Amino acid sequence: MKKVSISFTLNGDKVTAEVPPSWTLLKTLREYFELTGPKEGCGTGECGACTVIVDGKAVNSCIFPIPEVEGKSVTTIEGIASKDGTLHPLQKAFIENNGVQCGFCTSGMIMSAKALLDHNPDPTEDEIRTGIAGNLCRCTGYVQIVASIEKAGELIRQKK
Amino acid sequence: MSNLLYVGKGTPRTIEVDKVTGRAIYINDLKLPGMLYGKILYSDYAHARIKKIDASKAEVLPGVRAVLTGHNIPDVRVGFLRDQTVLKKDIVRQFRDEVAAVAAISPEIAEEALDLIEVEYEELPAVFDPIEAMKEDAPLIHEVDARGKPIRTNILPLPWKFYAGDIEQGRKNSAYTVKDTVSTTWVNQCCMGTSGCVAEFDMNNDLTFHSQTNVVFLGKQRIMEYLSSIGMRGRNVRVINPVVGGSFGTKLDTDIYEFICILLALRTRKPVKILFSREEEFRALPPRQPAVFTIEQGCDKEGRLTFRKAEAILDNGAYTSWGATTPSVMVMPMSSLYRVPNVSFEATCVYTNNIYCQAMRGYGNPQATFAVESSMDELAEEAGIDPAEFRLINRNQSGDVTPMRLKITSCGLEDCINSVKQKLNWSEKRGKRKGKGVGMGSLIHVAGGARVYKSDGHGMIVKVDQNGHIDVLDGGTDQGQGSPTIISQMVAEALGFRPEDVSLTLGDTGLCLWDAGTHASRHTFMAGNAAVRACEKVKQQILELAVENIPKVVKSGFRRKKRNDPDFVEPDLDYTLISKPEYLDIKDRMVFPKSDPEHPFFRIEVSQIIRDALHVGTGESKVVMAEAFYDPPTEMLDRELKGNLSCTYAFGTTGIEVEVDEKTGEVKILQLFAAHDVGKAINPILLKGQIYGAAYIGAGYGLTEEMKLENGRVMNPNFLDYKMLTAKDVVPVEPIVIEPGDEDGPFGAKGIGEPGLVPTAPAIANAIYDAVGVRIKSLPITPEKVLAALKEKRK
Ligand code: FES
Ligand code: FES
């Protein structure tokens, strides 16, 4: 199969992937880079489990064509903790506030929340709910996820 | 129990940190060297004879390692009634029938190979409505049973009949009666992690099976039986859970794809993975089964229930799995939700050419409670009694023995009803009919195990190593409910350690002891009871070692001091303080004499005691480890479906305020109070997580969720067309946690996994009636149904 060579920044590192042009970003992240954080819950852009951040915006990586990633910057759940292992405030808040149950939606949920908080560190509940509207969760009823994101916002604002 | 250190606290799920860093390994992420990928070809028809299967082109596709059809695998039946084979070679009876399977070096090649398999069918007449299917001239779904005996009807040979008291007498004693028919439909469990497994045989033909099952030991049993039926008797099977992306009932039965995966692994001698797509999840996993209930109830002038008579018809689909046994749970609310002396309940499961059904959170309870609680409101109205008051009159109480012989021990139902009433401002809000209304529904559910099998036991192993770290091997599974945290809190509490000292291993038949499964809201109760018992033994071991070793430690310390300082005078210590285990206690990983907890010499770290006990010398060294197997004093249901199958029962009431838009039929939940008698909340934050999640699924069940089947085909196999609630569909759930404490529960706790879902849908239906005066009798309550009912009412 013909492959293309795509160079981009992945979690802060310059990388190049040699993959078939028909591959999605999700497939590339999971199979070429062997990242397990972005999940496939549907593969058709309906559940948000595969959410990653591309140039500051949360996208469904399962429907994001790999050629479009050329030159861009991609952040996955693997790239948000500090290099020394300190968890990102969102990761801390999800643990502290039971924002995670089975955890399958969690990577995507946290990435959507991060994209939101990066732009708007003090969102209203409604803004939070809009921010994660594309991320389905079957376990939590979203209540403690929303609370986790609120708490993470607080942590981030305190730090600043 | 006021001085609990960890139980009752909102200990965070730190133990599951991998889930927030993307490192947790789900079945999707599991990759073994040389692993192949399996894919399944499903039927093109709801009912057809297979004339020919030609897989020759698929077999020669480069990268394909095996192609299986019903013709090249052992012809062995599987399933609850052994009414299907793993691959179908003669007749297909539903669209999800598995006709062929492929293993290949990549999922894409496997998929491509499926396209190359040619199957010729001859369509057969089909039936999709259970009532039609019961008619004499209906097409037969199965012509012979597992033993080859001819079958003449589509009605399953599972007569669910429950009778208690005397219905006719009850009728005579009634001042008011109501009768109605309500129905519920198929819903998908919608686990965010799709189904999958990895099977691998070693060269001894022993199988390691990475499975998402929530019943690792029963799953193992089924697979062993299957292997034995295909000529591999005596081979061992180890079932291991990966991290599981939700279960909600889907993992209770061993699914056909799992048998297929095992066969592919056996054929190829390679590890094989099968992973469902979302579409398969909708089309090829057994959903919650639909049911139609006719329910009749009566009460006397004072509002006391006199009788309840109900009949249910369940669409079983084409084969039998755990959907067909849901009546054994339906009988619980039917006979025992509220005090009712005379009860008759009959359920008929009928084969159709629809998708076959399985378990979902709450099992048959949400369906049956929708019937009971809709009828309760109707009867209250007929009798002219406020529905909350009516429920209070008939509430279950501690000490009751229900017609099903359930022994009600702790029961917070009265508190639940009253607190919901108060929070909703019930008396103010009810009966206004101005587009806003309130309604409630209650529930009873097993909360102290459920003796569905002869053993309802749970085995647990607790060991403490020389560093003072505790490993717990828990026979149950974790599908996201948070058991690792809950169990670590209970173990820490019982042993005098901290939750962070505890590591959990769950879901591994190779390491753990038998457990009947993490279903029926039983894990906290059962594993907790086992933990408390195992920890008692472990603690005793540690204290016995302490009695032996503390004096040695103290004295060797003195000797050392003396060596360094010849003037050192050994203090005169009262060693009787630590001369017996019962004089000692453990807290914060320190052993100390109870009579002097801060004793300057006798207060010693547990790890030091264990270290000293381990490194003694030939024949003297000791380890600290204990197991406990807890099997509660309960009974299986007898032939009349009676018996005290659980050690205790959960009660709860959901109260809802809705607003109904009479122009669009849209229903908005303004408030939702979920009051639950939980015995004792081991971890209030995690417990609320269970209530929020369950109430949300319940709200979806009530308002939006429905698998649309047309002539047996699932028409909405994706999240665009199947409406699961999103974060934007705000359901303001407020849990009300009632903690009367249960004498049999670990630290007083009862199960809470399923209850929150159960009464939500009927509470919505009752609130809608209060708001606009129409009763919607079929789920989900869509705007179309509301509009149609409003139109009908205006006529
Ligand atoms: S996997 Fe990408 S949206 Fe579901
Ligand atoms: S935590 Fe299970 S799907 Fe969200």
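The values are calculated or read from the model by the stated rules, or taken from the named source; none is laboratory data. The model shown is predicted, which means the values in this text are computed figures rather than measured ones. Don't worry about glycine lacking a Cβ; one is built from the backbone with ideal geometry, like all the others, and counts go over all protein chains shown. Remember, those area values only see protein heavy atoms, side chains included, never the ligands or the DNA or RNA. Shrake-Rupley method; radii C 1.70, N 1.55, O 1.52, S 1.80 Å.
The residues listed here are B:Gly219, B:Gly246, B:Gly193; of these, the one that is in contact with a Phe, Trp or Tyr (Cβ under 6 Å, 6 or more places away or on another chain) and either of a type in the set (Gly, Ala, Ser) or within 14 Å of chain A (Cβ to nearest Cβ) (or both) is B:Gly193. For region B:329-349, the set of residues classified as within 22 Å of B:Gln189 (Cβ to Cβ) and open to solvent by less than 10 Å² (accessible area, probe 1.4 Å) consists of B:Met330, B:Met332, B:Pro333, B:Ala347, B:Cys349, listed by residue number. Taking the stated definitions as given, is A:Asn98 polar (S, T, N, Q) and either in contact with a helix residue (DSSP H, G or I) (Cβ under 6 Å, 6 or more places away or on another chain) or farther than 25 Å from A:Thr16 by Cα (or both)? Judged against the criteria, A:Asn98 is a match.
When the test is whether a residue is more than 16 Å from ligand 2 (Cβ to nearest atom), in contact with a helix residue (DSSP H, G or I) (Cβ under 7 Å, 6 or more places away or on another chain), more than 24 Å from A:Ile156 (Cα to Cα) and not assigned by TED's automatic domain parsing to the domain that holds A:Gly103, A:Pro65 does not pass it. Scanning region A:98-109 for residues that are in contact with a Ser or Thr (Cβ under 6 Å, 6 or more places away or on another chain) and at the interface with another protein chain (Cβ under 7 Å from one of its Cβ atoms) yields a count of 2. Checked against (1) in contact with a helix residue (DSSP H, G or I) (Cβ under 8 Å, 6 or more places away or on another chain); (2) away from every other protein chain (no Cβ under 12 Å); (3) outside any loop (DSSP other than H, G, I, E, B), B:Val20 meets all criteria but (2). The residues of region A:131-147 that are more than 8 Å from ligand 2 (Cβ to nearest atom) and closer than 13 Å to B:Val733 by Cβ, listed by number, are A:Gly141, A:Tyr142, A:Val143, A:Gln144, A:Val146, A:Ala147.
Entry remark, region A:1-25: residues being within 13 Å of ligand 1 (Cβ to nearest atom) and in a strand (DSSP E or B) number 1 in total.
Do the conditions hold for B:Val60, that is, is it over 31 Å from the mean Cα position of the chain (by Cα), more than 14 Å from chain A (Cβ to nearest Cβ) and more than 30 Å from A:Ser148 (Cα to Cα)? Criteria met by B:Val60. Given the criteria in a helix (DSSP H, G or I) and either open to solvent by less than 10 Å² (accessible area, probe 1.4 Å) or within 14 Å of another protein chain (Cβ to nearest Cβ) (or both), does B:Ala765 qualify? Against the criterion (in a helix (DSSP H, G or I) and either open to solvent by less than 10 Å² (accessible area, probe 1.4 Å) or within 14 Å of another protein chain (Cβ to nearest Cβ) (or both)), B:Ala765 qualifies.
Is it true that some residue in region B:271-286 is farther than 24 Å from B:Gly70 by Cβ, in contact (Cβ under 8 Å) with a residue 40 or more places away in the chain, within 14 Å of chain A (Cβ to nearest Cβ) and more than 16 Å from ligand 2 (Cβ to nearest atom)? Yes, some residue in region B:271-286 is farther than 24 Å from B:Gly70 by Cβ, in contact (Cβ under 8 Å) with a residue 40 or more places away in the chain, within 14 Å of chain A (Cβ to nearest Cβ) and more than 16 Å from ligand 2 (Cβ to nearest atom).
The one condition from (1) out of contact with any strand residue (DSSP E or B) (no Cβ under 9 Å at 6 or more places or on another chain); (2) assigned to a helix (DSSP H, G or I); (3) more than 7 Å from chain B (Cβ to nearest Cβ); (4) of a type in the set (S, T, N, Q) that A:Thr28 does not meet is (1). Of the residues in region B:510-529, not one is in contact with a Cys (Cβ under 6 Å, 6 or more places away or on another chain) and either at pLDDT 95 or above or in the same structural domain as B:Thr576 (by TED's automatic domain parsing) (or both).
Among the residues of region A:33-92, those identified as within 15 Å of ligand 1 (Cβ to nearest atom), closer than 18 Å to A:Val15 by Cα and either at pLDDT below 95 or at the interface with chain B (Cβ under 8 Å from one of its Cβ atoms) (or both) are A:Leu35, A:Thr36, A:Gly37, A:Pro38, A:Thr76, A:Ile77. If the condition is being in a loop (DSSP other than H, G, I, E, B) and under 25 Å from B:Phe390 (Cβ atoms), then region B:152-177 contributes B:Gly165, B:Asp166, B:Asn173, B:Ser174, B:Ala175. Pairing residues of region A:109-123 that are among the basic types (Lys, Arg) with residues that are surrounded by 24 or more Cβ atoms within 10 Å (Cβ to Cβ), at Cβ distances under 8 Å and at least 6 apart in sequence or on separate chains, gives A:Lys114/A:Leu90. Within region B:191-209, the set of residues being more than 22 Å from B:Met360 (Cα to Cα) and either open to solvent by 10 Å² or more (accessible area, probe 1.4 Å) or in contact with a Ser or Thr (Cβ under 7 Å, 6 or more places away or on another chain) (or both) comprises B:Glu200, B:Phe201, B:Asp202, B:Met203, B:Asn204, B:Asn205, B:Asp206, B:Thr208.
Quick check on region A:110-120. Is at least one of its residues at the interface with chain B (Cβ under 10 Å from one of its Cβ atoms), within 12 Å of ligand 2 (Cβ to nearest atom) and part of a loop (DSSP other than H, G, I, E, B)? Within region A:110-120, not a single residue is at the interface with chain B (Cβ under 10 Å from one of its Cβ atoms), within 12 Å of ligand 2 (Cβ to nearest atom) and part of a loop (DSSP other than H, G, I, E, B). Taken as a whole, region B:476-486 holds at least one residue that is open to solvent by less than 30 Å² (accessible area, probe 1.4 Å), closer than 30 Å to B:Thr250 by Cα and away from chain A (no Cβ under 14 Å).
Screening A:Asp126 on (1) open to solvent by less than 20 Å² (accessible area, probe 1.4 Å); (2) facing chain B (nearest Cβ under 10 Å); (3) assigned to a helix (DSSP H, G or I) shows it passes everything except condition (1). Being on the phi < 0 side of the Ramachandran plot and open to solvent by 10 Å² or more (accessible area, probe 1.4 Å) holds for only one residue in B:Ile781, B:Ile736, and it is B:Ile736.
Looking at the structure I just gave you, is B:Gly679 more than 11 Å from every other protein chain (Cβ to nearest Cβ) and not in a loop (DSSP other than H, G, I, E, B)? Considered against the rule, which asks whether it is more than 11 Å from every other protein chain (Cβ to nearest Cβ) and not in a loop (DSSP other than H, G, I, E, B), B:Gly679 comes out as no.
Residue-by-condition table, conditions (1) within 14 Å of another protein chain (Cβ to nearest Cβ); (2) open to solvent by less than 40 Å² (accessible area, probe 1.4 Å):
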| residue | (1), (2) |
| --- | --- |
| B:Asp180 | no, yes |
| B:Gln189 | yes, yes |
| B:Tyr226 | no, yes |
| B:Arg238 | no, no |
| B:Pro242 | yes, yes |
